[in-house]
Each structure stands twice: as structure tokens, then as C-alpha cells.
Amino acid sequence: MVLRSDFDRLTARVFDTAARTGGARLDAYRDGDTFFIDIDLPGVDPASIDITVDHKVLTVRAERVRPEREGVRYLVAERPMGTVTRQVFLAETLDTDRLEARHENGVLTLRIPVTERARPRRIEVSAA
């Protein structure tokens, strides 16, 4: 049995999460000397995706459009349509000049190399 207050808390959490992410969920991870961001963009035409980097702020915008069908009347329309936006604050250690983007199977994958100066390196110790 779900109590009214439990339902309110669950609903608030779901709507808060949806509003915070703008409908686009992401994973961010580092693999070796490369940083990756995978953003779910199902039903988005890759030509509508706009990616910008301004002072280490990465912004991804895309448009999800419901196709116009003459004579069709939707009884249920739950899939979100319209502009989807995500912003990510990037570290100074990422080389955004070499950022690569690929859209495949509804997922936008951004590949950003780590700068040379941020890579782990071994320091030699000299004897006095």
C-alpha cells in the first residue's frame, strides 16, 4: 500500500530528476587518456544535434519532433517532444579542440582526449 505522502515524495523525486536533466540522461567516464560522455537521445535526428563548448562549458541541444500524420489523433502521448538540452562543466585538463561526437542507436557519444600535461607521468629522482 502506497501512502499519499510516499506517493508525493516519489512524484516530487521523479519530476525533480526529469526537470534537472531536461530529459536527456548521461554517463560520463574516463578510459585511459580519454574522457567519454554518453547522452541518451532516442528519436532525435542527428542533424538536429548542436554541440558547443564555451569556456569549458559543454552544451548539447537536440530537437525531438513528433512526425505529423494527417488524420491521426493521439490518445496517449507520453514521449517527450521538443528541445532537449544538457550542460556539462568540463575540467581544464580536457582537450576540447579535439572533441569528437558520434550518434548511434539513440546515444550521442562524445570523446574528449585528456591533455598531455594532465596525463600521469613518471618523475625521475636524481641523486645529489
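Okay, here's what the table says:
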| read-out | value |
| --- | --- |
| Selection status of residue 22, crowded, with 16+ Cβ neighbours inside 10 Å, small (Gly, Ala, Ser), modelled with pLDDT under 95 and out of contact with any Asp or Glu (no Cβ under 8 Å at 6 or more places or on another chain) | yes |
| Residues of segment 28-85 that turn out to be aromatic (Phe, Trp, Tyr) and surrounded by fewer than 12 Cβ atoms within 10 Å (Cβ to Cβ), as a count | 2 |
| Per-region count, segment 45-72, residues farther than 23 Å from residue 95 by Cβ and either in a strand (DSSP E or B) or free of Cβ contacts under 8 Å to residues at least 40 places away in the same chain (or both) | 14 |
| Per-region count, segment 88-128, residues free of Cβ contacts under 8 Å to residues at least 40 places away in the same chain and in contact with an Asp or Glu (Cβ under 6 Å, 6 or more places away or on another chain) | 1 |
| Single residue of 79, 122, 111 found to be closer than 16 Å to residue 26 by Cβ and either basic (Lys, Arg) or touching a Ser or Thr at 6+ places or on another chain (Cβ under 8 Å) (or both) | 111 |
| Which listed residue is within 21 Å of residue 33 (Cα to Cα), more than 23 Å from the chain's Cα centre (by Cα) and surrounded by 10 or more Cβ atoms within 10 Å (Cβ to Cβ), from 116, 100 | 116 |
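The values are calculated or read from the model by the stated rules, or taken from the named source; none is laboratory data. All values reported here derive from a predicted model rather than from experimental measurement. Neighbour counts are summed over all protein chains in view; Cβ atoms, including those assigned to glycine, are modelled from backbone coordinates with ideal geometry.
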